[in-house]
Amino acid sequence: MTQYKDKVEAQRKKLEQEKLDNQVTSIDCRYENGKWTKMITCYGNGKQITEYNDKRKKDKIEWR
């Protein structure tokens with residue numbers, strides 16, 4: 001079993017980093033006339049997703 005120790009340790013570190021990257025760091029919700037119009041969600045790895053309440057607009061995914 002010791003032959004797999006390095007692989008297991010590397011996978012554990014990779015999963016820990018992935019867990020940190022997928023954590024939400026901030027949520028910004030914009031309101032207009034009592035309804036939300038835009039919601040921006042930022043993640044630990046720099047990914048920023050902008051969601052629009054207007055279905056005619058597509059959601060944007062940006063990397064910082």
| How about region 1-62: which trypsin sites (Lys or Arg not before Pro) there are in a DSSP loop, with at most 14 other Cβ atoms within 10 Å of their Cβ? | K55, R56, K57, K58
| When all C-alpha to C-alpha distances in the chain are sorted into bins of 10 Å, what percent of pairs does each bin hold, rounded to whole numbers? | 20, 32, 22, 14, 9, 3, 0
| Computed label-point distance, nm, for sites K7 and K35 using a 7 Å Cα→Cβ extension | 5.4
| task | For N22 paired with Y52, estimate the spin-label separation in nm (one decimal), with each label point 7 Å from Cα along the Cα-to-Cβ line. | result | 2.9
| request: Treating cross-link reach as a plain straight distance, find the lysines whose alpha-carbon is under 25 Å from the alpha-carbon of K58, omitting any fewer than eight places away in the same chain. | output: K35, K38, K47
| message | On C-alpha positions alone, give me the angle between the axis of helix 5-21 and the longest principal axis of the chain, in degrees, nearest 10. | response | 10
| task | Would you calculate, for the chain, the mean residue ellipticity at 222 nm contributed by helices, counting each DSSP H stretch of 4 or more residues as -39,500 (n - 2.57) and dividing by all residues, to the nearest 500? | result | -9000 deg cm²/dmol
| request: Treating only the Cβ atoms of Lys and Arg (+1) and Asp and Glu (-1) as charged, compute the dipole magnitude of the chain about its Cα centre; round to the nearest 20 debye. | output: 200
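Where a number appears in this text, it was derived from the coordinates with a stated rule and is not lab data. From a predicted model like this one, the values you see are computed outputs, not experimental measurements. Cβ: placed from backbone, ideal geometry, glycine included. Neighbour counts: every protein chain shown.
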